[in-house]
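Okay, so here's the structure we're looking at.
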Protein chains: 2
Amino acid sequence: MDETITLSLDALETLSLELLIRHGFDEAHAAAITRSVVAAQRDECHSHGVYRLIGCVETLRRGGVSPDATPEVTEASSGVVRVDAGRGCSLLAFEHARPVLIDKARTHGVALLALNNAFHFSALWPEVESLAEEGLVALAMTPSHAFVAPAGGQQPLLGTNPIAFSWPRPGKAPFTFDFATSRVARGEIELCRRSGTAIPDDWAVDPDGRATTDPARALQGAMLTFGGHKGSALSIMVELLAGPLIGDLLGHETRPADDDGAGRPWHGELIVAIDPRRLLGDDMERQLQHAEALFEGVLAQGARLPSQRRHEARRRSREHGVTISASLYRELTRLREAAEG
Amino acid sequence: MDETITLSLDALETLSLELLIRHGFDEAHAAAITRSVVAAQRDECHSHGVYRLIGCVETLRRGGVSPDATPEVTEASSGVVRVDAGRGCSLLAFEHARPVLIDKARTHGVALLALNNAFHFSALWPEVESLAEEGLVALAMTPSHAFVAPAGGQQPLLGTNPIAFSWPRPGKAPFTFDFATSRVARGEIELCRRSGTAIPDDWAVDPDGRATTDPARALQGAMLTFGGHKGSALSIMVELLAGPLIGDLLGHETRPADDDGAGRPWHGELIVAIDPRRLLGDDMERQLQHAEALFEGVLAQGARLPSQRRHEARRRSREHGVTISASLYRELTRLREAAEG
């Protein structure tokens, strides 16, 4: 067993901020990135937690992110706000455009946020959940780099193309899900590679199109979509909506900054926000309560809600701090000090 | 092998119209229902084809549809149009509200159609495809009756909760998908029951929560979601968006009219329409062309596009007519004549 270390949320936040700023991110970027990775670590979403800081610094070193770009927010139409991240991080661009998106949704009932030209590495649930905390219903998607084969194919073409959704619950944390349309998130396979663990043989194919349990070969080959042709269809939808619809790239036109393949490391993201009050008026409170019957029906069967485990972890972390592996902690502190050399 | 009979599209349309009108549907309802079931039969989507006419008449006989309701269209907000089907068929309500939805999407960039209080039996793809033919991007969903267990559960709670999406393609039929968030559409299991065919054992559980290959036992038990917890999460999203968000029922609060269980046979549907021109302006044509690279990438691997088989069938049917089983044809003509007795 790897040793672990437990840190307070404040200590983890300070480590993240210092690490990012020392490596050249401006304070606004460092704060936005820190909010996302610390929230993921707090909720025990390890694949989008603080280990991603290593990737952020590597991406910066390779010119894959502008560490001090100021996002530009513009209005495309009464129901659409755009934000150009200027090759900076998607998280900061989202924070800049978020108030306009909320305002448009409250005015028209529904609004879109088209986020362009961004370095994107984070989970989507913190974004949709932050909109649900304002009483909105939110749906987000982004096409990542081409790691996934379409159903019936064996070559990488589609991104892992996550979809996230959040729904406001009176007096409770929002109902939220966030999943890759690949069988698993690429981060899961990367964590297996880091820990030397075999993967199930239905997650991916190797570069020759054959099933593999070797995470390194899987990362070189093509991941598979979840749910066969249905997951593949949803993945294509994500590419279209968060790509050409917003004037941005398809997954196969992008690449991670630490890969020497063709393509740019920046791409788009689409968020849909809906204000239930504009649909329901005075009936809104009653209908939000009505929705609780569905959640109760799931729990009554002994099944779990998608966000349940994460919200339980959040309560634990707030009380007892966050536990990460000692080797990851050493790597992060070394990385923080290395910037001073 | 069952005998078959081949009919022209016109002949099939006439049979459907006569059958529906003789049984009491008004001309507007008969025309809207006929357009949907004949389009499905034309595209060889047998599970939503003309065999559904039998169910429409049975639903009418049991008071599950108002055959002459006039849909009422109202504006909920600048981005939201509502239509109350008045317990009539969803297809007619959609046709009434469609021009307002299109107008709102073109004005604001994005708009919602909240369709309430409708008898719903049809495929969703004809609706989203008709919006894509107007140059819009469209997403539709509806919660059907509670036939499906959430991931981790064994009791019916969720509807089969289909999601449909359509994207306009220059000079080609739109890219369209339409699938149940259950493993298969309930109609597929019903067709197996009608033909006495066993089903795979991962489609459903029997009333005792055990895997079954008997379609009749499956229909009495609980269907399973596609793609495990991810499909289950999407199914819950459909219930929320096309239920409480639009002030309508959850799947478990509804029932088919031919079932003696508790609940009403009418429920809601949500459609999102997006006008790419309001996001892209003069760049729209180039970006629609850009999207074609993704479709070409799928086809280049020997994989299929979701709507490909259906659009091929459409070409065949237009040229050679539509082939249905002789027993179904006899049942439909008998049903048409029976109304005169």
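FYI, it's all coordinate maths here, none of it is from the lab. Owing to the predicted nature of the structure, the values given are computational and were not obtained by experimental measurement. We place every Cβ from the backbone using ideal geometry, glycine too, and count neighbours over all the protein chains shown.
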Legend entry - Length released on extending from B:ALA198 to B:THR213, taking residue separation times 0.36 nm less the Cα-Cα span: 4.9 nm
Inset, instruction - Counting other beta carbons within 10 Å of each Cβ, put A:ASP103, A:ASP43 in order, fewest first. - result: A:ASP103, A:ASP43
Inset, instruction - Kindly provide the pair-distance distribution of chain B built from C-alpha pairs, with 10 Å bins from 0 and whole-percent values in order of increasing distance. - result: 6, 24, 34, 27, 9, 1, 0
Legend entry - B:THR59, B:THR74, A:THR254, B:THR213 arranged by Cβ crowding within 10 Å, fewest neighbours leading: B:THR74, B:THR213, B:THR59, A:THR254
Inset, instruction - Run through the other copies and list how far each one's label point is from that of B:PRO200, in nm with one decimal, shortest first; the point sits 7 Å from Cα along Cα-Cβ. - result: 1.5
Inset, instruction - Between B:ALA114, B:ALA97, B:ALA151, find the one with the highest GNM mean-square fluctuation for chain B; connect C-alpha pairs within less than 10 Å. - result: B:ALA151
Legend entry - Extension gain, B:LYS172 back to B:GLN289 (0.36 nm per residue minus Cα-Cα distance, nm): 41.0 nm
Inset, instruction - State, to one decimal in nm and shortest first, how far the label point of B:ALA211 sits from each corresponding label point in the other identical copies (label point: 7 angstrom along Cα-to-Cβ). - result: 1.5
Inset, instruction - Using a Förster distance of 41 angstrom, determine the FRET efficiency expected from the C-beta separation of B:THR14 and B:GLN220, and round it to 0.05. - result: 0.65
Legend entry - Proxy reagent accessibility, fewest Cβ within 10 Å first, across A:PHE175, A:PHE121: A:PHE121, A:PHE175
Inset, instruction - Sticking with the crude label model, points 7 Å out along Cα→Cβ, report the distance from A:ARG334 to B:GLU75 in nm, one decimal please. - result: 6.4 nm
Inset, instruction - Of the options A:CYS192, A:ALA97, A:THR254, report the single residue whose Cα projects farthest towards the positive end of the charge dipole of chain A (beta-carbon charges: Lys, Arg +1; Asp, Glu -1). - result: A:CYS192
Legend entry - Helix-only [θ]222 nm of the protein assembly as shown, DSSP H runs n ≥ 4, -39500 (n - 2.57) each, per residue, nearest 500: -13000 deg cm²/dmol
Inset, instruction - May I ask which residue of B:TRP125, B:ALA151, B:LEU279 lies farthest towards the positive end of the charge dipole of chain B, with charges of +1 (Lys, Arg) and -1 (Asp, Glu) on Cβ and the Cα centre as origin? - result: B:ALA151
Legend entry - Of all chain A residues, the one whose C-beta is nearest the axis that brings A onto B, in angstrom: A:GLY227, 1
Inset, instruction - Identify which of B:LEU91, B:LEU53, B:LEU299 has the largest mean-square fluctuation in a Gaussian network model of chain B, with springs joining Cα atoms closer than 10 Å. - result: B:LEU299
Inset, instruction - From the P(r) of region B:1-116, can you give the percent of Cα pairs sitting at distances over 25 Å? - result: 33 percent
Inset, instruction - Would you tally the net charge around A:PRO174, using a Cβ to Cβ cut-off of less than 14 Å, leaving A:PRO174 out, and scoring K and R as +1, D and E as -1? - result: -3
Inset, instruction - Please turn the phi angles of region A:199-208 into ³J(HN,Hα) values with the Karplus equation 6.51 cos²θ - 1.76 cosθ + 1.60 (θ = phi - 60°), one per residue in order, whole Hz, x for glycine and proline. - result: 10, x, 7, 10, 8, 7, 10, 7, x, 8
Inset, instruction - Could you tell me whether region B:48-150 comes out rounded, prolate or oblate from its Cα gyration tensor? Rule is a ≥ b ≥ c as square roots of the eigenvalues, rounded for a/c under 1.5, then prolate if a/b exceeds b/c, otherwise oblate. - result: prolate
Inset, instruction - Using the 7 Å Cα-to-Cβ label point, sort the distances from B:GLU72 to its equivalents in the other copies shortest first and give them in nm to one decimal. - result: 4.9
Legend entry - Cβ charges +1 (Lys, Arg) and -1 (Asp, Glu), total dipole of chain B, debye: 400 debye
Legend entry - Residue among A:PHE295, A:PHE226, A:PHE177 with the largest mean-square fluctuation in a Gaussian network model of chain A, springs linking Cα atoms under 10 Å: A:PHE295
Inset, instruction - Could you tally the net charge around B:LEU136, taking each other residue with its Cβ under 9 Å from the Cβ of B:LEU136, Lys/Arg +1 and Asp/Glu -1? - result: -2
